[in-house]
Amino acid sequence: MTALAIKDLNDLAGRLRAIVGDKGLVTDAEDIAPHLLDQRGKYRGKAAALVRPASTEEVAAVVRLCADLGVAVVPQGGNTSMCGGSVPHGHGREIIVNLSRMNAIRDIDRLNYTMCAEAGCILADLQAAAAAAGRMLALSLAAEGSCEIGGNLSTNAGGTNVLRYGMAREQVLGLEVVLADGRVWDGLRSLRKDNTGYDLKQLFVGAEGTLGIITAAVLKLMPKPRSVLTAMVAVRDPDAAIELLAQAREETGDSVTGFELMARICLDFVLAHMPATQDPLADRHDWYVLAELSSPAADAGLEAAMERLLERALADGLVLDGTIAASEAQARNLWALREHVSEAQKPEGGSIKHDISVPVSKVPELIRRAVALTERTIPGSRPVPFGHVGDGNVHFNVSQPPGADREDFLARWDELNEVIHDLVAELGGSFSAEHGIGQLKRAALVKYRSVVEVALMRTLKAALDPQGIMNPGKVV
């Protein structure tokens, strides 16, 4: 790839403006600045320009120009990446292609249970549109008010509904993608059965824009839940939580939509720093589970099933106390305790993150051993384990010791990551459950995936992006 010379920047801007117009080109440093920093503030880059195309045709023309000039392209949606995947590098020779203007819902087919949406659609808006049509878009995560569906698919986002409905790649039937040479692949098929060769869409789901730019998608819809029940229970320990999950799936006919585990420190942080939150139970406990059941049936008997489940679990000593939400407002309050955990960590100082997964049966062992390793590696640090244990995904975050120097603590990020990731590998797990690779985890990908796997990924990258202009320095 020919590197873009600084003297060519003005010419590049003029040619980009000819494609996307004045509304589609941003060159002012102050306006570009919010797009140069990742969600965690760990990566800050520079860009020659920010392009905001309004159509697939404009995206294709921009990419063709960049391919001709050897200019690297960084696709971006809501810029909620946790691993630096949607921000440029620091040399300033890349352009950002932000898809937020492409936010049209092209079609909702109620009878086929599908929705066709452009990449810049905010996830919460798609959820609302599906609900208005009497359907449900199952993908749901904490950033849904600002993240965009193109980014969700590009990172294979997870969230709270994976246990029941699967990750982002399981919610998509078809894609429209601009390839690295500017060609457009129209794979917007709404078929549930299509056995015609390679499943090309799955190459781009989870590829973080390194193989092409997703511009639109056909998404699966589900029946809209008519019965939803939410409960918060204190459990004896993580082992009891996993046993409770198994019993809940059996007792409720696999109606479990969400199953979130939280250590007490999670609630302590939320209650201390998030206004309008309150302790769900009268007494303090070490571990909590937030469970949600749902059904498309209006009278699904979920409350009776939950009561039977908890009565037996109390008698067996798995559950110590609990509360069942009596209204939507109470359910929202219980979910707020879980959804604010990451935000509530910020006032507690530096936090080293781990987005890891293991087989569900090994979650208790993972937590016990990870806590011990953390305390041995950084004495006084505070493990904050929580997450979607129904699908084996634990966010094992670690807050700094009280009073410690924040930067000194964060300087040990790689050291602690390696300790925890080695444990995860031993347990047959993944060092990246739902946040992707981006810039943050490229070295881990090479270390923990096999030589054959990495070679296959690099072969695909070279075949689809021979110039290396699509989001370079990310994933592989």
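The values are calculated or read from the model by the stated rules, or taken from the named source; none is laboratory data. On a predicted model such as this, the values are computed, not experimentally measured, just so you know. No Cβ is skipped: glycine too gets one built from the backbone with ideal geometry, and neighbour counts run over all protein chains shown.
If you check MET222, MET274 for being in contact with a His (Cβ under 6 Å, 6 or more places away or on another chain) and surrounded by 13 or more Cβ atoms within 10 Å (Cβ to Cβ), only one passes: MET274.
Within segment 251-266, the set of residues being within 19 Å of ALA344 (Cα to Cα) and not in a strand (DSSP E or B) comprises ARG264, ILE265, CYS266.
Residues of segment 371-427 being touching a Lys or Arg at 6+ places or on another chain (Cβ under 7 Å) and part of a helix (DSSP H, G or I), which ones? Correct list: LEU423 only.
From the list ILE32, ILE95, ILE19, the lone residue that is aliphatic (A, V, I, L, M) and over 28 Å from the mean Cα position of the chain (by Cα) is ILE19.
Consider segment 428-468. How many of its residues are in contact (Cβ under 8 Å) with a residue 60 or more places away in the chain, closer than 30 Å to PRO379 by Cα and surrounded by 17 or more Cβ atoms within 10 Å (Cβ to Cβ)? Don't jump to the end; show me each part of the working.
The first filter runs over segment 428-468 and keeps only residues in contact (Cβ under 8 Å) with a residue 60 or more places away in the chain, leaving 428-441, 460-461, 464-468.
Imposing the further condition that a residue be closer than 30 Å to PRO379 by Cα reduces the set to 428-441.
From what is left, the residues that are surrounded by 17 or more Cβ atoms within 10 Å (Cβ to Cβ) are 429-441.
Number satisfying all stated conditions: 13.
On inspection, VAL63 qualifies as closer than 22 Å to CYS121 by Cα, surrounded by 15 or more Cβ atoms within 10 Å (Cβ to Cβ) and modelled with pLDDT of 95 or more. For segment 313-335, the criterion of being basic (Lys, Arg) and in contact with a helix residue (DSSP H, G or I) (Cβ under 9 Å, 6 or more places away or on another chain) is satisfied by no residue at all. Within segment 325-362, the set of residues being part of a loop (DSSP other than H, G, I, E, B) and touching a residue at least 12 places away in the same chain (Cβ under 8 Å) comprises ALA325, HIS340, GLY349, GLY350, LYS353, HIS354, VAL358, PRO359.
Out of all the residues in segment 76-91, is one or more of a type outside the set (Val, Ile, Thr), in contact with a helix residue (DSSP H, G or I) (Cβ under 8 Å, 6 or more places away or on another chain) and farther than 16 Å from GLY150 by Cβ? Scanning segment 76-91, I find no residue that is of a type outside the set (Val, Ile, Thr), in contact with a helix residue (DSSP H, G or I) (Cβ under 8 Å, 6 or more places away or on another chain) and farther than 16 Å from GLY150 by Cβ, so the answer is no. Please work out if ALA248 is in a strand (DSSP E or B), buried (at least 20 other Cβ atoms within 10 Å of the Cβ) and touching a residue at least 40 places away in the same chain (Cβ under 8 Å). Here the answer is no, as ALA248 does not meet what is asked. Could you list, in sequence order, all residues of segment 267-289 that are outside any helix (DSSP H, G or I), out of contact with any Ser or Thr (no Cβ under 7 Å at 6 or more places or on another chain) and aliphatic (A, V, I, L, M)? Answer for segment 267-289, where residues must be outside any helix (DSSP H, G or I), out of contact with any Ser or Thr (no Cβ under 7 Å at 6 or more places or on another chain) and aliphatic (A, V, I, L, M): MET274, ALA276, ALA282, VAL289. The residue that is surrounded by the most Cβ atoms within 10 Å (Cβ to Cβ), among those in segment 82-96 that are in contact with a Gly (Cβ under 6 Å, 6 or more places away or on another chain) and closer than 17 Å to ILE214 by Cα, is GLY85.
Tell me, please, whether a residue that is more than 27 Å from ARG135 (Cβ to Cβ) and of a type outside the set (A, V, I, L, M) can be found in segment 289-305. Among the residues of segment 289-305, not one is more than 27 Å from ARG135 (Cβ to Cβ) and of a type outside the set (A, V, I, L, M), which makes the answer no.
Of the listed requirements (1) more than 12 Å from ARG338 (Cα to Cα); (2) touching an Asp or Glu at 6+ places or on another chain (Cβ under 9 Å), ALA276 misses just one: (2). The selection criterion, being out of contact with any strand residue (DSSP E or B) (no Cβ under 7 Å at 6 or more places or on another chain) and surrounded by 18 or more Cβ atoms within 10 Å (Cβ to Cβ), holds for HIS421. ASN195 satisfies every condition listed in (1) farther than 29 Å from ASN393 by Cα; (2) crowded, with 18+ Cβ neighbours inside 10 Å except (2).
It is to be established whether one or more residues within segment 231-238 are over 30 Å from ASN333 (Cβ atoms) and touching a residue at least 60 places away in the same chain (Cβ under 8 Å). No, segment 231-238 contains no residue that is over 30 Å from ASN333 (Cβ atoms) and touching a residue at least 60 places away in the same chain (Cβ under 8 Å). All conditions but one from (1) touching a residue at least 24 places away in the same chain (Cβ under 8 Å); (2) part of a helix (DSSP H, G or I) apply to ALA304; the one that does not is (1).
Given MET102, MET82, which one is within 20 Å of the chain's Cα centre (by Cα) and hydrophobic (A, V, I, L, M, F, W, C)? Walk me through it before giving the result.
Values: MET102 fails: within 20 Å of the chain's Cα centre (by Cα).
Within the list MET102, MET82, the selection yields MET82.
Can you say whether SER381 is surrounded by 17 or more Cβ atoms within 10 Å (Cβ to Cβ), closer than 24 Å to GLU243 by Cα, small (Gly, Ala, Ser) and touching a strand residue (DSSP E or B) at 6+ places or on another chain (Cβ under 6 Å), as far as the supplied structure shows? No; evaluated as a whole, the condition is false for this residue. Taking the criterion of being in a loop (DSSP other than H, G, I, E, B) and in contact with an Asp or Glu (Cβ under 6 Å, 6 or more places away or on another chain), would at least one residue in segment 435-451 satisfy it? Within segment 435-451, one or more residues are in a loop (DSSP other than H, G, I, E, B) and in contact with an Asp or Glu (Cβ under 6 Å, 6 or more places away or on another chain). If you filter segment 105-138 down to residues that are under 27 Å from ASP38 (Cβ atoms) and in contact (Cβ under 8 Å) with a residue 40 or more places away in the chain, you find that the one that is surrounded by the fewest Cβ atoms within 10 Å (Cβ to Cβ) is ILE122.
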